[in-house]
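Trainee: Right, I'll just put the structure down here and ask away after.
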Protein chains: 2
Amino acid sequence: MIPEPTVTGPTVEELPGGTLLSVPGLRGAAVACGLKEDGQLDLAVVVADAPRTAAAVTTRSELAAAPVRLLRHQLQVRPRVRTVVVNAGNANALTGPRGWDDAEAMTEQAARRAGPPATVLSTGVIGVPMPMDRIRDGIERACSAPVRDAGLDVARAMMTTDTLPKTCAHVLDVPGSGRAARYTVGGVAKGSGMIHPDMGTMLAIVATDAEVTPAALQRILRSAADRSFHEISVDGDTSTNDAVLLLAGGSGDPPIDVDDARIYALERGIAATCRRLAREIVRDGEGVSRLMDLRVSGARTRWEARRVASTIACSPLVKTALAGGDPNWGRILAAAARAGVSLDEGRLALTLGHQRVYDGRPLAADEDALQRTFAEPEVQVELSLGEGEGEARLLTGDLTERYIQINAEYRT
Amino acid sequence: MIPEPTVTGPTVEELPGGTLLSVPGLRGAAVACGLKEDGQLDLAVVVADAPRTAAAVTTRSELAAAPVRLLRHQLQVRPRVRTVVVNAGNANALTGPRGWDDAEAMTEQAARRAGPPATVLSTGVIGVPMPMDRIRDGIERACSAPVRDAGLDVARAMMTTDTLPKTCAHVLDVPGSGRAARYTVGGVAKGSGMIHPDMGTMLAIVATDAEVTPAALQRILRSAADRSFHEISVDGDTSTNDAVLLLAGGSGDPPIDVDDARIYALERGIAATCRRLAREIVRDGEGVSRLMDLRVSGARTRWEARRVASTIACSPLVKTALAGGDPNWGRILAAAARAGVSLDEGRLALTLGHQRVYDGRPLAADEDALQRTFAEPEVQVELSLGEGEGEARLLTGDLTERYIQINAEYRT
């Protein structure tokens, strides 16, 4: 069951102008080292004042990039990170055995210069070896003077085809046995919403000063990612470089473990930051002019609900209908029908905006009202399969001529 | 293993100007009954001089249209068809219980007027009840005077967003125990290549005068469809109305059964007609400006090869790179990596045109030659997974701004 999206409330509040570096104990720096053109920022470091507990969710791609494989290996050995290097412009993916060596060299240099343990996230073009001379120079400069107010620059350095930097922070009160503890959660992300898998698609770094055990942190991240990044990344994580890294610690409070009731409050705060970043990724999707907030319910299992939602959200015909403001519900049901999930057309119910258009059979619809619904910047679509309790939710964008222009003309 | 595409040779020859009705004993007629606008042909009948053995492959959509469900039921009871009604403009899909009654009424009328058994194929918009008054009038007129030279009109009546009618015929010599028998295979199809699932996507009728047992005919059709329509219909058959109907008989020769060596020769001829129609469907795909002939080999199984080929062929990024003439091989491998098939990047080999660009690691490529390859109207792409013997092939088109224009502006 997917909880309600609204997480703002008495315990979670957005921090105006907040960034990843709003989290106490974090500093950062961004430099231009020639991975992108025109002297744009393309490499950043984020450094904590001491090692933090770390958790990650990474791509399910069969061809995970070298830095992703290295990150998994590092966290398996020891879930602690103090320094994160992140670069855009080169994904270090499909670069052969050399890719791993380069990623390892980057972490070793960053650990030496800013403090161990260090890890690395990369995004950019695939199949091109890292220009290590430039990278070494960049890491050297970025590690020399990290500061607290570099949050926006860090976000800018991560951008590839993004048009806007994506960073935010939330403050949350976590009720404890006695007084409530106040923690900060900050995050930064890049990505244009399942739109540019060959550009490494999506990266995010999220941090909090709450102390959390490794097991609890991994559980929190899995849950928060499931109702944020996984609700936009149709088909799950699919690019070579997708990764979300979560760092926790610094407050010195007793750590929150898996059986601690405070885990729920903390998960809410982290999910709030993740959801905000995820929504910004879809909004900034290439050529996206209109969003579809799709809910599928009544499936036999959550997996089946996700499968149906994914198939609808990926359908070029649904996406072009959305672009054209066309409430073409036949396209939505036809897409659902090829998801590989058993359906009964007599049990389906489809609602566009506030209007039910199909309920076991086509209903007479108010065509003008539907047109108005599909002219909105965000369209709500609800499909019930009438089979069980499985639910899923996906936020997706439309498919416009602008998308084709960007991607047909873009040269790696 | 997918046989070579070239089936022309001493035993299979294209019949210039041939149509479905080139098959001896078939006649047809097409009329306009107001399902399409502007008085275009939109309903046809095809009538054999006596009942024919029939086989069909139909959509795997969970929401198969009423005429598809009726066709399956009819062939299960008795695999014989004499009269086929086909209409465009209304798919009779997602039309509730009424849809089945309407489809049955159409077959009953056609059987009465042209000869039983009759069946019906429909294509067009989804979720709108059939306008039975117009349909009845159309069937009446079409059945009144079927003729041998209506092949092109039948093809035109089946069109929805197609820009060209699709029909052809082949003559084949089937070696027997003594003399070779000469048979004709004719076919007609509509469809814009996985481009318009909500318009019922693809319909085809194929016929031959060879006599074949029901079991052999089903086997022949399955095999011929696998290396024709299924090699363009990415994800298999996915719309509500997809159907290929194969009719056989009329020559009076002893029927070919499953253990008869002649089955292979006949399959070759039928596959030739199916391949020709399938290729025309992709070429006529909405907005298609360039084709990609994709072969995936070295998979553990044929299923895995198909899965990888499908994922590549459906990728918007691969399709837009193809539109832009951009030999962006990173997009091809990144798509393969999310097919849900286990891959080893050290074993992959990718060839674009005649140039290998990746062989366990990126290779230095002649960028000018790659550009020229991707400027051709058809691009050959070969991906070997290095795991086993599984192979698959898919012919697909690019994704252009024209596609978006057509589908965003199209109103059902």
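Trainee: Looking only at the stretch A:308-330, which residues are free of Cβ contacts under 8 Å to residues at least 60 places away in the same chain and within 13 Å of A:LEU394 (Cβ to Cβ)? Working first, answer last.
Mentor: The initial filter retains those residues of the stretch A:308-330 that are free of Cβ contacts under 8 Å to residues at least 60 places away in the same chain, namely A:311, A:315, A:317-318, A:321, A:324-330.
The answer is A:THR311, A:SER315, A:VAL318.
Trainee: For the stretch A:141-152, indicate whether the set of residues that are more than 14 Å from every other protein chain (Cβ to nearest Cβ), under 18 Å from the mean Cα position of the chain (by Cα) and over 20 Å from A:ASP284 (Cα atoms) is non-empty. Walk me through how you get there before you give the answer.
Mentor: From the stretch A:141-152, those more than 14 Å from every other protein chain (Cβ to nearest Cβ) are A:141-152; that's our starting set.
Applying the additional criterion that residues be under 18 Å from the mean Cα position of the chain (by Cα) yields A:151-152.
Next, only the ones that are over 20 Å from A:ASP284 (Cα atoms) stay: none.
No, every residue in the stretch A:141-152 fails to be more than 14 Å from every other protein chain (Cβ to nearest Cβ), under 18 Å from the mean Cα position of the chain (by Cα) and over 20 Å from A:ASP284 (Cα atoms).
Trainee: Right, here's the next one. Kindly establish whether B:ASP42 is assigned by TED's automatic domain parsing to the domain that holds B:LYS190 and within 22 Å of the chain's Cα centre (by Cα).
Mentor: Values: assigned by TED's automatic domain parsing to the domain that holds B:LYS190: yes; within 22 Å of the chain's Cα centre (by Cα): yes.
In short, yes.
Trainee: Of the residues B:GLY96, B:GLY138, which single one is farther than 22 Å from B:ALA248 by Cα, of a type outside the set (D, E, K, R) and in contact with a Leu (Cβ under 8 Å, 6 or more places away or on another chain)?
Mentor: Details: B:GLY96 fails: in contact with a Leu (Cβ under 8 Å, 6 or more places away or on another chain).
Only one candidate qualifies: B:GLY138.
Trainee: Then there's this: Mind listing just one residue for me: the one in the stretch A:322-334 that is among the hydrophobic types (A, V, I, L, M, F, W, C) and modelled with pLDDT of 90 or more and, of those, farthest from A:GLU378 (Cα to Cα)?
Mentor: Start the filter on the stretch A:322-334 by keeping residues that are among the hydrophobic types (A, V, I, L, M, F, W, C), which leaves A:322-323, A:329, A:332-334.
Those left that are additionally modelled with pLDDT of 90 or more: A:322-323, A:329, A:332-333.
Values: A:LEU322: 10, A:ALA323: 11, A:TRP329: 16, A:ILE332: 16, A:LEU333: 19 Å.
Once the filter is applied, the top-ranked residue is A:LEU333.
Trainee: Please return the ranges of strands (runs of 3 or more DSSP E) entirely within the stretch B:281-372 where 2 or more residues are closer than 26 Å to B:ALA204 by Cα and either within 13 Å of another protein chain (Cβ to nearest Cβ) or under 27 Å from the mean Cα position of the chain (by Cα) (or both).
Mentor: Working: elements: B:291-299, B:349-352, B:355-359.
Once the strands (runs of 3 or more DSSP E) in the stretch B:281-372 are filtered for at least 2 residues that are closer than 26 Å to B:ALA204 by Cα and either within 13 Å of another protein chain (Cβ to nearest Cβ) or under 27 Å from the mean Cα position of the chain (by Cα) (or both), what remains is B:291-299.
Trainee: Let me ask another. Restricting to the stretch B:42-62, count the residues that are closer than 24 Å to A:GLY330 by Cα and crowded, with 24+ Cβ neighbours inside 10 Å. I'd like the intermediate steps shown before the answer.
Mentor: As a first pass, look at the stretch B:42-62 and keep what is closer than 24 Å to A:GLY330 by Cα: B:42-43, B:57-62.
Filter once more, keeping what is crowded, with 24+ Cβ neighbours inside 10 Å: B:42-43, B:59, B:61.
Total satisfying the criteria: 4.
Trainee: Another question about this same structure. A:GLU345 - would you say it is in contact (Cβ under 8 Å) with a residue 24 or more places away in the chain, acidic (Asp, Glu), closer than 23 Å to B:ALA65 by Cβ and surrounded by 14 or more Cβ atoms within 10 Å (Cβ to Cβ)?
Mentor: In short, no.
Trainee: When the stretch A:368-407 is examined, which residues are found to be of a type in the set (Phe, Trp, Tyr) and more than 15 Å from A:HIS354 (Cβ to Cβ)?
Mentor: So in the stretch A:368-407, the residues of a type in the set (Phe, Trp, Tyr) come out as A:374, A:403.
Once the filter is applied, which keeps residues that are of a type in the set (Phe, Trp, Tyr) and more than 15 Å from A:HIS354 (Cβ to Cβ), the stretch A:368-407 yields only A:TYR403.
Trainee: Report whether or not A:GLY176 is surrounded by fewer than 24 Cβ atoms within 10 Å (Cβ to Cβ), outside any strand (DSSP E or B) and away from every other protein chain (no Cβ under 14 Å). Lay out the reasoning, then the answer.
Mentor: Details: surrounded by fewer than 24 Cβ atoms within 10 Å (Cβ to Cβ): yes; outside any strand (DSSP E or B): yes; away from every other protein chain (no Cβ under 14 Å): yes.
Yes: the conditions hold for A:GLY176.
Trainee: Taking the stretch B:373-406 as the search range and keeping residues that are among the acidic types (Asp, Glu) and touching a helix residue (DSSP H, G or I) at 6+ places or on another chain (Cβ under 6 Å), which one is farthest from the other protein chains (Cβ to nearest Cβ)?
Mentor: If we filter the stretch B:373-406 for residues that are among the acidic types (Asp, Glu), which is where we start, we get B:376, B:378, B:382, B:387, B:389, B:391, B:398, B:401.
Within this subset, residues satisfying the condition of being touching a helix residue (DSSP H, G or I) at 6+ places or on another chain (Cβ under 6 Å) are B:391, B:398, B:401.
Details: B:GLU391: 19, B:ASP398: 8, B:GLU401: 5 Å.
Checking each candidate, the answer is B:GLU391.
Trainee: Tell me which residues, restricted to the stretch A:100-154, are under 24 Å from A:ALA169 (Cβ atoms), touching an Asp or Glu at 6+ places or on another chain (Cβ under 9 Å) and not β-branched (Val, Ile, Thr).
Mentor: A:GLY115, A:ALA118
Trainee: Is there a residue being assigned by TED's automatic domain parsing to the domain that holds B:VAL84, buried (at least 23 other Cβ atoms within 10 Å of the Cβ), over 18 Å from the mean Cα position of the chain (by Cα) and part of a helix (DSSP H, G or I) anywhere in the stretch B:214-229?
Mentor: Here is the first cut: in the stretch B:214-229, the residues assigned by TED's automatic domain parsing to the domain that holds B:VAL84 are B:214-229.
Narrowing the set further to residues that are buried (at least 23 other Cβ atoms within 10 Å of the Cβ) leaves B:216-217, B:220-221, B:224-225, B:228-229.
Next, only the ones that are over 18 Å from the mean Cα position of the chain (by Cα) stay: B:216.
If we keep only those that are part of a helix (DSSP H, G or I) too, we end up with B:216.
Yes, the stretch B:214-229 contains a residue that is assigned by TED's automatic domain parsing to the domain that holds B:VAL84, buried (at least 23 other Cβ atoms within 10 Å of the Cβ), over 18 Å from the mean Cα position of the chain (by Cα) and part of a helix (DSSP H, G or I).
The values are calculated or read from the model by the stated rules, or taken from the named source; none is laboratory data. Since this is a predicted model, take the numbers as computed values, not measurements. We place every Cβ from the backbone using ideal geometry, glycine too, and count neighbours over all the protein chains shown.
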